[in-house]
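Heads up: the structure comes next, in structure tokens.
Just so it is clear, none of the values below were taken in a lab; they were calculated from the coordinates. Given the structure is predicted, the values throughout are model-derived calculations rather than measurements. All Cβ positions, glycine included, derive from the backbone under ideal geometry; neighbour counts span all protein chains shown.
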Amino acid sequence: MSSNKDSIKKTLIVALSLCIVCSVVVSTAAVLLKPAQEINKTLDRKRNILAAAGMLEEGVSVEEQFEKVETRIVDLRSGKFTDEVDPERYDQRKASKDPARSTKLSVEQDLAKIKRRADLAEVYLVQNDQGGLDKLILPVHGYGLWSTLYGFLALESDLNTVAGLGFAEHGETPGLGGEVDNPSWKAKWPGKKVYREGDVEIGLIKGTVDPSSPKASWQVDGLSGATLTSKGVSNLVQYWLGKEGFQPFIENLKSGEA
């Protein structure tokens, strides 16, 4: 009987010791790998920004390509640049969850279903060879069918023509809403117009755009079989390019008052 008790006791001690050792190993690995994970996360973000603007070149260092991009911070409350925070350290997603650094949106305002909007936002500017603006890249996000889609929308120098759109993160259904990742669908965005007479007009439609339609320049093909994801993409694009998003900043940038 005593032998059985000793055996159980030894088994428990061995199991506990193994758990402790494994915990220490996993914790140590997590700490040691964190810097590399952060570097990869930053690199992936830069890659997605370049891709959205149609600037990503395979075989060329992402860091080298990103040297053409200037990161600035915009105060969405004033629509102007601010030096309040360091662009390299600012986390817009975290800020959007902090009541002290974000604004709660009313139901009427919250077209993108994001609940809170960070007061400060990152923007990315690409200059041409003459020193003028070539492209403006904006972070956008909003709710689709199953998830919040996070991505980047690029505008040409006229600040009214889409240069590209890409999503870096989402959890939409593969083959349906997940087609936001399909290169052929993303290729439908460049050249589309955003504003018409001061209002955001761009959006997805059900089915395929009729090229002869007077509205064709502002319309994008919807995602087949993914009505709610399509609506979500329309809503998030319209929100971030609208008055609650970047439109005041875009207008200030056009007039040279940003």
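Here is how the numbers come out for the structure above:
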| item | result |
| --- | --- |
| Dipole-positive endmost among 155, 212, 144 within the chain (Cβ charges, Cα centre) | 144 |
| Sequence ranges 106-114, 243-251, 17-25, ranked by mean other-Cβ count within 10 angstrom, highest first | 243-251, 106-114, 17-25 |
| Mean-position separation - Cα centroids, segment 86-131 and segment 208-258, in angstrom | 18 Å |
| Distance violations [Cα-Cα > 24 Å] among 68/215; 46/135; 46/94 | 68/215 |
| Highest average packing first - 90-103, 118-131, Cβ atoms within 10 Å | 118-131, 90-103 |
| Volume in Å³ per residue [convex hull over Cα atoms, computed for segment 113-203] | 126 Å³ |
| Tilt relative to the chain, helix 2-52 - C-alpha long axis, 0 to 90 degrees, to 10 | 20 degrees |
| Listed peptides 174-181, 139-146, 206-213, 222-229 by packing density, highest first (mean Cβ within 10 Å) | 139-146, 222-229, 174-181, 206-213 |
| Per principal axis, descending, Cα span of segment 68-255 in whole Å | 44, 40, 29 |
| Cβ-derived FRET efficiency at R0 35 Å, residue 181 paired with residue 82, nearest 0.05 | 0.60 |
| Gain upon complete extension [residue 10, residue 199; 0.36 nm per residue less C-alpha separation] | 60.6 nm |
| Angle in degrees between helix 227-240 and the longest Cα principal axis of the chain, rounded to the nearest 10 | 70 degrees |
| In Å, descending, principal axis extents of the Cα set of segment 19-140 | 57, 44, 26 |
| Ranked list, fewest to most other Cβ atoms within 10 Å of each Cβ, for 233, 194, 200, 31 | 31, 200, 194, 233 |
| Net charge of Cβ neighbours under 13 Å - reference residue 139; Lys, Arg +1; Asp, Glu -1 | +2 |
| Kirkwood Rh in Å, taken over segment 186-258 so that all alpha-carbon pairs contribute | 13.1 Å |
| Within the chain, helix-based [θ] at 222 nm, where runs of 4 or more DSSP H residues each add -39,500 (n - 2.57), nearest 500 | -11000 deg cm²/dmol |
| Taking the chain and dividing mean pair separation by its residue count, relative contact order in percent (alpha carbons under 8 Å, at least six apart) | 16 percent |
